[in-house]
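Notes follow the structure.
The values are calculated or read from the model by the stated rules, or taken from the named source; none is laboratory data. Being a predicted model, the structure only gives us computed values, none of them experimental. When we count neighbours, we look across all protein chains shown, and the Cβ atoms used for this are built from the backbone with ideal geometry, even at glycine. Accessible surface areas use protein heavy atoms only, side chains included; no ligands, DNA or RNA. Shrake-Rupley method; radii C 1.70, N 1.55, O 1.52, S 1.80 Å.
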Amino acid sequence: MKGLTKRWQTPPAAPAEGNLRHRILSARGLIQKEEIQAFLGPDLKAVTESAPLAGMDQAADVILATLEAKQPLVIYGDYDVDGITATAILWHVFHGIDPEASVSSYVPHRLEEGYGLNAEAVRALADEGAATIVTVDCGVTALEEAALARELGVQMIITDHHRVRDDGQLPDAAAIVHPSLPGQEHDFVDLAGAGVAWKLALHVARRSCGRDEVTPKLRQILMNGLSLAAMGTIADVVPLRGENRAIAYFGLRHMANCDNVGLKALLAASGSRSANDAEVVGFRLGPRLNASGRMGHAASAIELFTTADAARSRELASELSKLNTSRQEVERGILEQAREAAKASGMTEPGSHAIVLRHPDWHPGVVGIVCSRLVEEFGRPTILMQDDGEVCRGSGRSIAGYSMHEALWHCEDHLLTFGGHDFAAGMKLSSSQFDQFAEAMVAHATANIPAENLMPQLNIDAEATRPEINMTMVKSLADLKPFGRSNPAPRVLLRDMKIVSAKPFGKQNNHLRLQLESPERGGTYLNAIWWGKASLGKSATNRRVDVVGKPEIDDYRKTEHLVIEDMAWLEVQ
Ligand SMILES: [Mn+2]
């Protein structure tokens, strides 16, 4: 089915029995009573009582021995939210086990060093006397760096959740803690780096106590860490099911009581008192933390979560907010230029199924976010790069059903380095190769993406009737939170609604407020809003439509309403 702006994916054939919430759960594969109960009422035991991850015992041996011998231990992190929170989780638990322990952290510079373990950093840490390096959110493909660490006499413990190398080779480390090592898969393989770090932290804490029941102090540290793990899990966009759902659910719930001064300062700086919603992490906290890596150095985000000094934490939180504001400004500038350039290049026309552009002034730490916006706007995979005259550096984002990573493999002759996955990737190439690269990418995308796939897909959970969208039902849908990947906010289809009124609203009058009448033409109108669609305006009034949206509570009016995502005209005018 086709709407005005998206392809609709309606729920499979026979609609399930029961009320709207039941039908939504059933569309998401939750059918048995026990499954539904477990989903609606998560249990942290799913995380704390499941089998240990591969490598955890060996890792705990090395870590506890290092702490006991008071030898320097370095946590080697990453500059995104997942890596930042994972670093802070281990830092606090190790310090909790021994406040005198020599535990520090290292995070590579996003633009200068790039992602993952690098030899120069390993060498520098070894020179400074590190006895043990514990990676988080990286390292599982770092064969050479692990070999170097061994040569330098540093014990390397790798904790990661990224895919292992295609050839199956693993680094020669003292321990590898990972949820999906071939042949040693954990019951739940989709943990984020912060989830892996939290489970290791719990295991080490238990081992240090000699039993499963840890001390009250360590318990508090672990609960605070769970709030950090929730942030990493949500920000890394891993599926919010199974153990991840429990981590996100309990970590968000604990956030209001979390006594990490940095997290408190960050909540205050972002104008949120707590973060009971995954959206607060996605839209407020996450971007501020990521801004450190993109615009400055992620070390300041790690300091935020590890300092005990409240004044310093406020200073850091406000610094992150400023970096985020300048990131937004830079992003706006690139977006305007890139949008114009994309149109001018003809890459948004039929017959060109990808956008590949470069510019000398585009900030390589920000282009990835702009790619996402262009993908949304033009429905095409997009690559944007900064060209410094010699080398082009940039990022790409793709659409469902087209692997950016595979596309880059196809164009590897033109590339110096690249890495990533299906939806997102980073790459570097010599400026002289740019034109050939762009041509090859656009040709590959055009040949491999059917034209109809350029329209983004909208997955619908269930059909609903007007009376089903009521306060009681909408409130009960909140039990499905936290929403995120693999558990999005429920989306329903209402058929044959009549638009009774449609008026622009908002500061810039760019949104649309509507009233919809049900096919029975009785009962109360359904209030609805459609963000950014004021242009549809009066022409919509009196028309009949099928409409897709998310039932929500209008906080201001204290009633249920539908946040519209798309509609389809039922008759031609
Ligand atoms: Mn990660």
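I'd like the full set of residues that are in contact with a Gly (Cβ under 7 Å, 6 or more places away or on another chain), within 12 Å of Glu243 (Cβ to Cβ) and away from the ligand (no atom under 14 Å from the Cβ), limited to segment 177-196. Within segment 177-196, just Phe188 meets the criteria.
Does Arg380 satisfy the criteria of being open to solvent by less than 60 Å² (accessible area, probe 1.4 Å), part of a loop (DSSP other than H, G, I, E, B) and among the charged types (D, E, K, R)? Criteria met by Arg380. Residue pairs whose Cβ atoms lie under 7 Å apart, sitting 6 or more positions apart in sequence or on different chains, and linking a residue in segment 158-182 that is on the phi < 0 side of the Ramachandran plot to a partner that is within 16 Å of the ligand (Cβ to nearest atom) and small (Gly, Ala, Ser), are Ile158/Gly139; Thr159/Ala197; Asp160/Gly139; Asp160/Gly193; His161/Ala192; His161/Gly193; Pro171/Gly139; Pro171/Ala142. Of the conditions (1) of a type outside the set (Val, Ile, Thr); (2) crowded, with 18+ Cβ neighbours inside 10 Å; (3) not in a loop (DSSP other than H, G, I, E, B), Lys538 satisfies every one except a single condition; which number is it? Against the list (1) of a type outside the set (Val, Ile, Thr); (2) crowded, with 18+ Cβ neighbours inside 10 Å; (3) not in a loop (DSSP other than H, G, I, E, B), Lys538 comes up short only on (2). The single residue among Glu439, Glu452 that is part of a helix (DSSP H, G or I), at pLDDT below 95 and open to solvent by 50 Å² or more (accessible area, probe 1.4 Å) turns out to be Glu452. In contact (Cβ under 8 Å) with a residue 60 or more places away in the chain, within 30 Å of Val280 (Cα to Cα), more than 16 Å from the ligand (Cβ to nearest atom) and part of a loop (DSSP other than H, G, I, E, B), is that true of Asp259? No, not satisfied.
Test Ile63 against the criterion of being outside any helix (DSSP H, G or I), in contact with a Leu (Cβ under 9 Å, 6 or more places away or on another chain) and either within 16 Å of the ligand (Cβ to nearest atom) or not basic (Lys, Arg) (or both), and give yes or no. Before you say what the answer is, go through the steps one by one.
Details: outside any helix (DSSP H, G or I): no; in contact with a Leu (Cβ under 9 Å, 6 or more places away or on another chain): yes; either within 16 Å of the ligand (Cβ to nearest atom) or not basic (Lys, Arg) (or both): yes.
Here the answer is no, as Ile63 does not meet what is asked.
For first residues located in segment 479-500 and more than 27 Å from Ala248 (Cβ to Cβ), partners that are of a type in the set (Val, Ile, Thr) and lie 6+ apart or on another chain with Cβ distances below 7 Å form the pairs Leu493/Thr10; Leu493/Ile460; Leu493/Val548; Leu494/Val547; Met497/Val545; Met497/Val547; Ile499/Thr541; Ile499/Val545. Of everything in segment 143-180 that is under 24 Å from the mean Cα position of the chain (by Cα) and open to solvent by less than 10 Å² (accessible area, probe 1.4 Å), the residue that is farthest from Ile75 (Cα to Cα) is Pro179.
In this structure, is Ile449 in contact with a Leu (Cβ under 7 Å, 6 or more places away or on another chain), touching a residue at least 60 places away in the same chain (Cβ under 8 Å) and under 24 Å from Trp8 (Cα atoms)?
Values: in contact with a Leu (Cβ under 7 Å, 6 or more places away or on another chain): no; touching a residue at least 60 places away in the same chain (Cβ under 8 Å): yes; under 24 Å from Trp8 (Cα atoms): yes.
No: the conditions fail for Ile449.
Being within 25 Å of Leu218 (Cβ to Cβ) and either open to solvent by 40 Å² or more (accessible area, probe 1.4 Å) or under 23 Å from the mean Cα position of the chain (by Cα) (or both) is the filter; apply it to segment 96-129 and report the residue that is farthest from the ligand (Cβ to nearest atom). Write out each step before concluding.
Filtering segment 96-129 for residues within 25 Å of Leu218 (Cβ to Cβ) gives 96-107.
So of that shortlist, the ones also either open to solvent by 40 Å² or more (accessible area, probe 1.4 Å) or under 23 Å from the mean Cα position of the chain (by Cα) (or both) come out as 97, 99-100, 102, 104-107.
Working: Ile97: 25, Pro99: 29, Glu100: 31, Ser102: 26, Ser104: 21, Ser105: 16, Tyr106: 17, Val107: 13 Å.
Across segment 96-129, the extreme among qualifying residues is Glu100.
Among residues belonging to segment 497-532 that are in contact with a Pro (Cβ under 9 Å, 6 or more places away or on another chain) and surrounded by 13 or more Cβ atoms within 10 Å (Cβ to Cβ), point out the one that is nearest to Thr10 (Cα to Cα). My answer is Met497. Picking from residues in segment 212-250 that are without any contact (Cβ under 8 Å) to a residue 60 or more places away in the chain, farther than 18 Å from Asp190 by Cβ and in a helix (DSSP H, G or I), the one that is farthest from the ligand (Cβ to nearest atom) is Pro216.
May I ask you to say which residue of Val370, Val375, Val356 is closer than 24 Å to Met231 by Cβ and surrounded by 18 or more Cβ atoms within 10 Å (Cβ to Cβ)? Only one candidate passes the filter, namely Val370.
For the structure I just gave you, tell me whether Val136 is among the aliphatic types (A, V, I, L, M), buried (at least 20 other Cβ atoms within 10 Å of the Cβ) and either without any contact (Cβ under 8 Å) to a residue 12 or more places away in the chain or more than 16 Å from the ligand (Cβ to nearest atom) (or both). Judged against the criteria, Val136 is not a match. Among the numbered conditions (1) part of a helix (DSSP H, G or I); (2) among the basic types (Lys, Arg); (3) away from the ligand (no atom under 16 Å from the Cβ), the only one that Lys199 does not meet is (3). Can you pull out the residues in segment 337-352 that are open to solvent by less than 40 Å² (accessible area, probe 1.4 Å) and either at pLDDT below 95 or on the phi < 0 side of the Ramachandran plot (or both)? Result: Ala338, Ala341, Ala342, Met347, Thr348, Ser352. Might you let me know whether segment 461-479 holds any residue that is closer than 17 Å to Gly549 by Cα, open to solvent by 60 Å² or more (accessible area, probe 1.4 Å), part of a helix (DSSP H, G or I) and not hydroxyl-bearing (Ser, Thr, Tyr)? Yes; the residues of segment 461-479 include at least one that is closer than 17 Å to Gly549 by Cα, open to solvent by 60 Å² or more (accessible area, probe 1.4 Å), part of a helix (DSSP H, G or I) and not hydroxyl-bearing (Ser, Thr, Tyr). Within segment 289-315, the set of residues being in a helix (DSSP H, G or I) and surrounded by fewer than 24 Cβ atoms within 10 Å (Cβ to Cβ) comprises Met295, Ala299, Ser300, Glu303, Thr306, Ala310, Ala311, Arg312, Arg314, Glu315.
Please specify each residue of segment 122-157 satisfying the condition of being under 26 Å from Val81 (Cα atoms) and in contact with a Pro (Cβ under 6 Å, 6 or more places away or on another chain). Answer for segment 122-157, where residues must be under 26 Å from Val81 (Cα atoms) and in contact with a Pro (Cβ under 6 Å, 6 or more places away or on another chain): Ala130, Ala142, Leu143, Ala146.
Which ones in segment 27-51 are more than 18 Å from Gly549 (Cα to Cα), part of a helix (DSSP H, G or I) and open to solvent by 30 Å² or more (accessible area, probe 1.4 Å)? Within segment 27-51, Lys33, Glu34, Glu35, Gln37, Ala38, Leu40, Lys45, Ala46 meet the criteria.
Looking across segment 392-407, the residues that are in contact (Cβ under 8 Å) with a residue 24 or more places away in the chain, out of contact with any Lys or Arg (no Cβ under 8 Å at 6 or more places or on another chain) and not polar (S, T, N, Q) come down to Gly396, Arg397, Ala400, Gly401, Tyr402, Ala407.
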